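The next block holds one structure in the form of structure tokens; read it before the comments.
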């Protein structure tokens, strides 16, 4: 019996292997009923399958969604397959992904009424060679986020372009283990934003013509809080010069135009080897969260921050802050490129934030409390703080999702 | 609506001469869904006007607004099985349990029980591995409902409540959209049949009775306390109930299925389910996180005492995708719901 059982087992395993090797490709062409045909393919796909969209323009009236693990959704090319949501009548995003192991690649998403591509609660989610754009240019009525993984784990954003988002082009929220690379964010309010997330590597990207280039924030009152450990390196953060067009009420509506990198209420953030220039307010801004909150677990201060070895060009010539013009002229034509609000304490007692701002000069506003601009006693130093803050380790995604960088 | 269930039951008692064939449990539990609704035997006529006697109608104290569609609800349990009472959330249902909900429009919204045209019948089937959602769309002849997995928009023409012609851009959800609302920690789950939303009277063919008591007596439910000892969601249209109870019940039914700690909108941190007790999580002086243009340029989800500057009401009052809430299930503004929530927000003490 034992031998027979073993034989059965081998047979079953062979069968399982055979079936997993028979991954199918479900092709979808543009044209009439594309909504129902594509959505049906997204429902019919089995784990391992590919849903392949032909070249051409698809027009949708509603959001699409995928809830099956290990499915790849691919177009014929980032500039060849276009999913237009200009006629969208419902749903909060273009494509919503709620399953694990999904890759979306080689297509363009246009003019969604809400967010572009969203994943919620997904593990191993990859967005590769996709464009999300609002074709009417920067407008308050554009959707909030272009590429939007939230509450997700193991996030890969590679060779993505986002333009026109009224909040953040590439936005990763309440997630962990994140890589954003080789991507381009332009004409958004925030180019790339990492929020309430841990372990993110943001590198080899271009953030240009946004209001703010790259933001790392932590906000109170959310299910996932206490974001930390982000590395921002080898990015070009240049000419972020689009007036803020975010609808009021959203946190990014308070980002002044012309900020390269903005760090708020987060810890263990290292900014290095970036090229940062052409940003009228500041190259790198460190600020505390200044709105009221009653979340005892929340720390509103940026802390354990390193800014080093960036190539910092012309920045800060007209800070879009109260008294910014006067500040620039008092400092000889432009404000120092690295700015810290100088807040070292808030309601809950704790250690003084550790910073190493090697790139300078550094403007310390010496505020006595978050947002208390009336208490400013600006001082300038060549650098601020001292080395010794450990850099977060590189983010490594599962091998099935991403080949480790040599 | 309750009215409609009563009508169906009047029809049932008239046509009760011949015994109906049993519900086709094998079809309900089959891996491949039946291509048309009649295969399940949930109704004894092709037009689904007469439910199988094995079905029990139910109604919710406060339901979801669905573009003024009339909804009939039935539960089917396999013979000899019972649901298990739980004080919070939907009851625990046995394998084979099926919730049957039909959406229909009257020709004239002012006469909600007259000349009903069926649009779709949705099934939630409890299988061994979990719940499955299916929707069947009715043909114009009202003779057959066929499976529709990918969703579809159907224009529905009615006379509106003001007596004017209205075309409703009715959206039949796709199978994933069913789950976007019916989701608890990523698993499909019923919403309606909970202790507190069933804890009210319904007119059965045998007369009016509390639903929890009726389910217990009929052998459909085990473990339920007396209705007076069970939680109860207010009836949102009951003007004798306190305003806050009615408004919170409305928000629970219309928003709380996503906006709860285990729902699709968990990441928002805005929780509108009745169980939420923290005013900040209910939205009071809460700033938006990912609202985008949904904020309407306003600062707070709920600005107490000031409905006109509350994002929550702004989004209820919109039909613009990307702004409107809920995101799915309506294309019209629920004017009565907006009025109720507006009164409630105005009643909250202003703190600034």
Using 7 Å Cα-to-Cβ label points, what is the residue B:278/residue A:330 separation (nm, one decimal)? 4.0 nm
Suppose R0 equals 51 Å. What FRET efficiency, 1/(1 + (r/R0)^6) with r the Cβ-Cβ distance, do residue A:44 and residue A:309 give to the nearest 0.05? 0.50
For chain A, what is the mean residue ellipticity at 222 nm derived from helices alone (per DSSP H run of n ≥ 4: -39500 (n - 2.57); sum divided by total residues; nearest 500 deg cm²/dmol)? -3000 deg cm²/dmol
Helix B:243-254 sits off the longest principal axis of the Cα atoms of chain B, rounded to the nearest 10 on a 0 to 90 degree scale, by 60 degrees
In what order do B:188, A:367 fall by count of nearby beta-carbon atoms within 10 Å, going from fewest to most? B:188, A:367
Measure nothing fancy, just the Cα-based angle from helix B:2-14's long axis to the longest principal axis of chain B, in degrees from 0 to 90, nearest 10. 10 degrees
Computed on Cα atoms only, the convex hull of region B:301-352 has an orientation-averaged projected area in nm² of 3.4 nm²
Antiparallel bridges, percent of DSSP beta bridges restricted to region A:205-393 (to nearest 5): 10 percent
From Cα pairs below 8 angstrom and at least 6 apart in sequence, can you work out the relative contact order of chain A, rounded to a whole percent? 8 percent
Here the averaged projected area of region A:205-393, based on the convex hull of its alpha-carbon atoms and given in nm², is 10.3 nm²
Please report the Cα spread of region A:67-131 along all three principal axes, rounded to whole Å, starting with the longest. 30, 26, 14
For a quick check, take a GNM of chain A with Cα springs below 10 Å and name the residue from A:58, A:293, A:217 with the largest mean-square fluctuation. A:293
Using Cβ contacts closer than 10 Å as the measure, can you line up B:204, B:250 from fewest to most? B:204, B:250
Here the whole-number average of other chain Cβ atoms within 10 Å per Cβ of A:309-321 is 0
How much of the pair distance distribution for region B:12-92 lies past 19 Å, counting alpha-carbon pairs only, in percent? 51 percent
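Extension gain residue B:115-residue B:127, at 0.36 nm per residue separation less the Cα-Cα distance, in nm?
Roughly 0.8 nm would be gained on extension.
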So what is the relative contact order of region B:243-347, in percent, for Cα pairs below 8 Å that sit 6 or more residues apart? 21 percent
May I ask for the Kirkwood hydrodynamic radius of region A:22-107, worked out over all distinct Cα pairs and given in angstroms to one decimal? 12.8 Å
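Counting DSSP beta bridges with both partners in the protein assembly as shown, what percentage is antiparallel, nearest 5?
On the way: 53 of 173 bridges.
Once the DSSP bridges in the protein assembly as shown are tallied, antiparallel ones form about 30 percent.
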Per-peptide average of other Cβ atoms within 10 Å, ordering A:64-73, B:49-58, A:132-141, A:379-388 highest first: A:64-73, B:49-58, A:132-141, A:379-388
Separation of the residue A:141 and residue B:140 label points, Cα + 7 Å toward Cβ, nm: 3.5 nm
Overall form of region A:184-295 per C-alpha gyration tensor (a/c, 1.5; a/b vs b/c): oblate
Tell me the volume per residue, in Å³, of the convex hull enclosing the alpha carbons of the protein assembly as shown. 190 Å³
Consider just the alpha-carbon atoms of chain B and return their Rg together with their Dmax, both in angstrom. 20.1, 68
Averaged across orientations, what area in nm² does the convex hull of the alpha carbons in chain A project? 23.2 nm²
Could you tell me the relative contact order of chain B? Use alpha-carbon pairs under 8 Å, at least six residues apart, and round to a whole percent. 14 percent
Crossing angle, helix A:2-21 versus chain A [Cα axis fit, 0-90 degrees, rounded to tens]: 60 degrees
For region B:129-244, the Debye formula with one identical point scatterer on each Cα and no solvent gives log10 I(q)/I(0) at q = 0.22, 0.23 Å⁻¹ as -1.11, -1.13
With 10 angstrom as the radius, rank B:301, B:38 by how many other C-beta atoms surround their C-beta, starting from the fewest. B:38, B:301
FRET efficiency (residue B:88, residue A:54; Cβ distance; R0 45 Å; to 0.05) is 0.40
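At 4 °C and 1.567 mPa s, grab the translational diffusion coefficient of region B:243-347 from Stokes-Einstein with a Kirkwood Rh over Cα pairs, rounded to a whole number in µm² per second.
It comes out at roughly 97 µm²/s.
No lab work stands behind these numbers, since they all come straight from the coordinates. Everything numeric in this text was worked out from a predicted model, so none of it was measured. Cβ coordinates were reconstructed from backbone atoms using ideal geometry, including for glycine residues, and neighbour counts include every protein chain displayed.
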